[in-house]
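The next block holds one structure in the form of structure tokens; read it before the comments.
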Amino acid sequence: EISCSLVGSEMCIRDRNNRLKYLEKSDTFHTFNGMKGPDLTLILQQQLDVANETNRILLVRIDDLGRTIEELRAELAISNLKREELMTTVTSMQKALLERDADLSKQKRINKGLSKLVSNKSEKHKPANGTEDVPENSTTVSLSWTDAAYIPKERGNNGAKRKEHFNIETVVEEIFPTEKDFDPALASLMKYRDSISYEYIPGKFIKRVRRQYFYSQNGTVYSGKLPAKPLFNSNYDGSFIAGMAQLRYMYTMPVERIVKLFGDNGFDLPKPTAHNLLKKAAALLDNLHKAMRMTVLSDKYLGCDETYAKVLVQETGKNGLHIKKGYVWVAVAHNLGLVYFFYEDGSRKEEVILDFLRNYKGTIQSDGLAAYRKLGKKGFPDIMRLPCLQHIKRKFQDCGKDPDAEEIVNLINRLYHNNHLHKIGEDGWTEIKELRFRQKYAPPILDKIQERLSRITKRSGYIPDSDIYEAVTYMQNEMSDIWNIFTAPNYQLDNNEIERVNRCISLMRHNSLFFGSHAGANRAVIYYSLACSCRQRGINFFEYISDIMNRAAILPPTASVESYRELLPDKWHKS
């Protein structure tokens, strides 16, 4: 509109100028409609001035509109910027919502676990109703749950004698009467009475100086023989390193606390020295760890599991060190009582455990991880797999007050109750009797469990992502392997033993927080393997490491891994 008005004004001005020039040249200039020439020129001039003023006003309006357009463009740019900021805010809010959902899901699992701990006052297996079902053709006397009810242990000493502790240092102090009128020469002894108290003296350090003498006789030099040191060119004995290893890996104390404890007891030990001693000792025990792997794989009945630990590592594309979740794998040899931890850069890939069991022949017990379920199938024909009934039972306990879930839990408890009725080696109960008993009571209960599972899948409300759906699916996947448990007399119903072993890693997560590196994790699994094996065998870990460090020091560098076999906890005897 502005452009058209401007063009129209210019055309009007040009037209009037042309008319004025024409009138000046024509005869009509002198008289036009009764008007004289000068009067007409004045009128046209006035019109021209009006047109010029109109043009000026339009130009001003054009300038104003131009500035308005620039302002609109600036506002549009600001609006676009605000829109981008708004989109960024929306994206961050969406991310926050996703993280919140993940946190809520995690907190839900934590609350579920805590509620179970609060509600479950005892780990004893109790049925919800009735007496225990035992097959009719069983010759074993059936015990009712009422008869076998748990009775809390009475408080007090129950008539037992106090422990005498004959193995500790004993100091006898004789206390005589001190009264003024008492004369030992005139008095006769009636009796004496011992009052015993136990005292604790903090850890004691000894600086042992072995003074080696040299003699010369007939041109020959003779000298005393020094005992071998576990670490070359080191002043620290095997017992010193064993004390650190016991505190670090048996009682999960961080090195900083160990150094502080030693300082409080009068020995100033630099932290780098403490780390270096454990590092060098682990290198000395590495062949022992390899022998442990070989020996554990020779056992025909293993329990396998994995647990996580945090590791401080350098990640590709990131600056500085970062904490990363890594996984420690463990295998427990049930027959030998040995434990083998191993670590592959924190990986939880199934190749780690499958490579470990590649040539194994025997029985493996584990949870329902996908990697374990491949055992016993194609590629592993020499392995029979056993599941963990506690993992299965826990799934149904998580379903709350669901009647069908409670019924499955009661049926599993029946298996446990029958399994606890007898113990091999007691009251003439043999492995043959145990196997026959298992083959009598287990099939009816397992058949009933399968029938209940099938019924649950047909009920209304059985939908994916529900707790009951997850529990039933988990048990159905494990059902074929559950039958394997009752094919031998000594197979355990669950993997609880290896769960107890994994507690040492759990305690480490709470006390030490993380491994300092992948190399540190590899050193730790060496110590944890020996510490947990000693615990399984009832051996004092401090005495074992003190002795083994000195024995390993005298083995030649070329000694084979098999030569370390006699030093493992199941073969070790205190020298």
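Taking the range 335-357 only, how many residues are part of a loop (DSSP other than H, G, I, E, B) and either aliphatic (A, V, I, L, M) or crowded, with 20+ Cβ neighbours inside 10 Å (or both)?
So the first thing to find is which residues in the range 335-357 are part of a loop (DSSP other than H, G, I, E, B), and the list is 335-337, 344-349, 357.
Retained after the next criterion (residues that are either aliphatic (A, V, I, L, M) or crowded, with 20+ Cβ neighbours inside 10 Å (or both)): 336, 357.
Of the residues in that region, 2 qualify.
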- [ ] From the list 244, 292, 253, pick out the single residue that is within 21 Å of residue 535 (Cβ to Cβ) and either without any contact (Cβ under 8 Å) to a residue 24 or more places away in the chain or touching a strand residue (DSSP E or B) at 6+ places or on another chain (Cβ under 6 Å) (or both).
- [x] 292
Open item on the list: When you scan the range 418-426, do you find a residue that is of a type outside the set (Ser, Thr, Tyr), without any contact (Cβ under 8 Å) to a residue 12 or more places away in the chain and part of a helix (DSSP H, G or I), even just one?
Closed with: no
TODO: Test residue 499 against the stated conditions and say whether it is under 32 Å from the mean Cα position of the chain (by Cα), touching a residue at least 24 places away in the same chain (Cβ under 8 Å), open to solvent by 60 Å² or more (accessible area, probe 1.4 Å) and within 22 Å of residue 368 (Cβ to Cβ).
DONE: yes
TODO: Out of the residues in the range 256-286 that are free of Cβ contacts under 8 Å to residues at least 60 places away in the same chain and of a type in the set (S, T, N, Q), state the one that is least open to solvent (accessible area, probe 1.4 Å).
DONE: 273
Task: Number of the exception - residue 554 against (1) free of Cβ contacts under 8 Å to residues at least 40 places away in the same chain; (2) farther than 18 Å from residue 329 by Cα - done: (1)
Task: The lone exception for residue 291 - which of (1) in contact with an Asp or Glu (Cβ under 8 Å, 6 or more places away or on another chain); (2) of a type outside the set (Val, Ile, Thr); (3) on the phi > 0 side of the Ramachandran plot it fails - done: (3)
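Which of the residues that make up the range 358-412 are part of a loop (DSSP other than H, G, I, E, B), in contact with a strand residue (DSSP E or B) (Cβ under 8 Å, 6 or more places away or on another chain) and closer than 23 Å to residue 490 by Cβ? Lay out the reasoning, then the answer.
If we filter the range 358-412 for residues that are part of a loop (DSSP other than H, G, I, E, B), which is where we start, we get 358-361, 366-369, 374-382, 387-388, 398-402.
If we keep only those that are in contact with a strand residue (DSSP E or B) (Cβ under 8 Å, 6 or more places away or on another chain) as well, we get 360-361, 366-367, 369, 375-376, 382, 387-388.
Of everything in the range 358-412, those that are part of a loop (DSSP other than H, G, I, E, B), in contact with a strand residue (DSSP E or B) (Cβ under 8 Å, 6 or more places away or on another chain) and closer than 23 Å to residue 490 by Cβ turn out to be 360, 361, 366, 367, 375, 376, 382, 387, 388.
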TODO: Give me a count of the residues in the range 222-239 that are closer than 18 Å to residue 530 by Cβ and either open to solvent by less than 30 Å² (accessible area, probe 1.4 Å) or assigned to a strand (DSSP E or B) (or both).
DONE: 3
Open item on the list: Of the conditions (1) under 21 Å from residue 329 (Cα atoms); (2) open to solvent by 20 Å² or more (accessible area, probe 1.4 Å); (3) β-branched (Val, Ile, Thr), residue 424 satisfies every one except a single condition; which number is it?
Closed with: (1)
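For residues that are within 20 Å of residue 522 (Cβ to Cβ) and out of contact with any Cys (no Cβ under 6 Å at 6 or more places or on another chain), tally how many sit in the range 333-353. Can you show your working first?
The first filter runs over the range 333-353 and keeps only residues within 20 Å of residue 522 (Cβ to Cβ), leaving 338-349, 351-353.
Pick out the ones that are also out of contact with any Cys (no Cβ under 6 Å at 6 or more places or on another chain) and you get 338, 340-349, 351-353.
Of the residues in that region, 14 qualify.
So how many residues does the range 292-316 have that are in a strand (DSSP E or B), more than 19 Å from residue 514 (Cβ to Cβ) and open to solvent by 70 Å² or more (accessible area, probe 1.4 Å)? Talk me through it step by step, then tell me what you get.
Initially, the range 292-316 is screened for residues in a strand (DSSP E or B), giving 301-314.
Filter once more, so that each one left must be more than 19 Å from residue 514 (Cβ to Cβ): 301-305.
Now narrow it down to the ones that are open to solvent by 70 Å² or more (accessible area, probe 1.4 Å): none.
Total satisfying the criteria: 0.
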Open item on the list: Would you confirm, using the coordinates I've provided, whether residue 361 is farther than 22 Å from residue 391 by Cα and either in contact with a Lys or Arg (Cβ under 9 Å, 6 or more places away or on another chain) or surrounded by fewer than 19 Cβ atoms within 10 Å (Cβ to Cβ) (or both)?
Closed with: yes
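The values are calculated or read from the model by the stated rules, or taken from the named source; none is laboratory data. Predicted model only: the values in this text are computed from it and were never measured. Using ideal geometry, Cβ is built from the backbone for each residue, glycine included, and neighbour counts are taken over all protein chains shown. The area values use the complete protein model at the heavy-atom level, side chains included, leaving out ligands, DNA and RNA. Shrake-Rupley method; radii C 1.70, N 1.55, O 1.52, S 1.80 Å.
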